[in-house]
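Chemist: Take this structure first; my questions come after.
Every read-out reported here was derived from the displayed coordinates using simple, explicitly stated rules and does not represent laboratory data. Please read all numbers here as calculations on a predicted model, not as lab measurements.
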Amino acid sequence: MPKNGKSLPTWPLLRQLATGDVLALDRKGAGSGRTDSLHARTKTADKVVDSVCPYCAVGCGQLVYVKDERIIDIEGDPGSPISNGCLCPKGAATFQLVTGSHRVSDVLYRRPYGTQWEKIPLGQAMDMVAQRVKKARDDNWEEQNEKGEPTRRTMAIAHLGGATLDNEENYLIKKLFSTLGIVQIENQARI
């Protein structure tokens, strides 16, 4: 309340003039109950998870804010030595990529010689991929070469990794595919 005991006008411009705050620098002149109730959605996050932007080989750091096991925001990580908290337009839109209603969340499958796509459960699709990898490996397994030297490999499968995979992910991929006998393992970052 102003010094004269009268209530302030409800219109912001009139409040600014009544309080002498013509530049709207004081909360009494430009603020409102609605303004006071606003807060950053990241303030209520249960946890913040460090991540890396998935779009290119730069690998800008991101902070993923999670509440009730759901992502509520994704921002640039100011502690990242690569990006210092900055993200390009694609990186800044990562939240929409992850949570957007336009995101495809079903697995589409078209049977051999089929003309229509059908939706199948993710578990079924993963089983189909695993069966096909095993079949390709088993059908093309080389226990030894022409000289009788042990090779224990398959040349029917190759892997090309993405440039945004970190060292740990690349290590696990290399270990998995080497265990399967795959020798053609490469990463986009080296090409």
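Chemist: Any chance you could check the Cα centroid distance between region 81-125 and region 161-191 for me, in angstrom?
Modeler: Using only Cα atoms to place each centre, the spacing works out to 22 Å.
Chemist: Need the full-extension length gain, S178 to A93, defined as separation in residues times 0.36 nm minus the C-alpha distance. One decimal, nm. Kindly include the intermediate steps, with their values, before the conclusion.
Modeler: Numbers: separation 85, 0.36 × 85 = 30.60 nm, distance 3.56 nm.
Gain on extension, S178 to A93, equals 27.0 nm.
Chemist: Still on this structure: Rounded to whole Hz and in sequence order, give me ³J(HN,Hα) for region 147-159 from the Karplus expression 6.51 cos²θ - 1.76 cosθ + 1.60, θ = phi - 60°, writing x for Gly and Pro.
Modeler: Values per residue, Gly and Pro as x: 7, x, 7, x, 10, 6, 8, 10, 9, 8, 10, 9, 9 Hz.
Chemist: Calculate, in nm to one decimal, what R110 and Q124 gain on full extension: separation in residues at 0.36 nm each, minus their alpha carbon distance. Can you show the working numbers first?
Modeler: Values: separation 14, 0.36 × 14 = 5.04 nm, distance 1.34 nm.
Working it through step by step, the gained length comes to 3.7 nm.
Chemist: Hey, what do the phi angles of region 14-19 turn into as Karplus ³J(HN,Hα) couplings, whole Hz, using 6.51/-1.76/1.60 and θ = phi - 60°, x for Gly and Pro?
Modeler: Rounded to whole hertz, the list is 5, 4, 4, 5, 5, 8.
Chemist: Among the lysines in the chain, how many pairs, 8 or more places apart or on different chains, have alpha carbons under 27 Å apart?
Modeler: Final tally of qualifying lysine pairs is 16.
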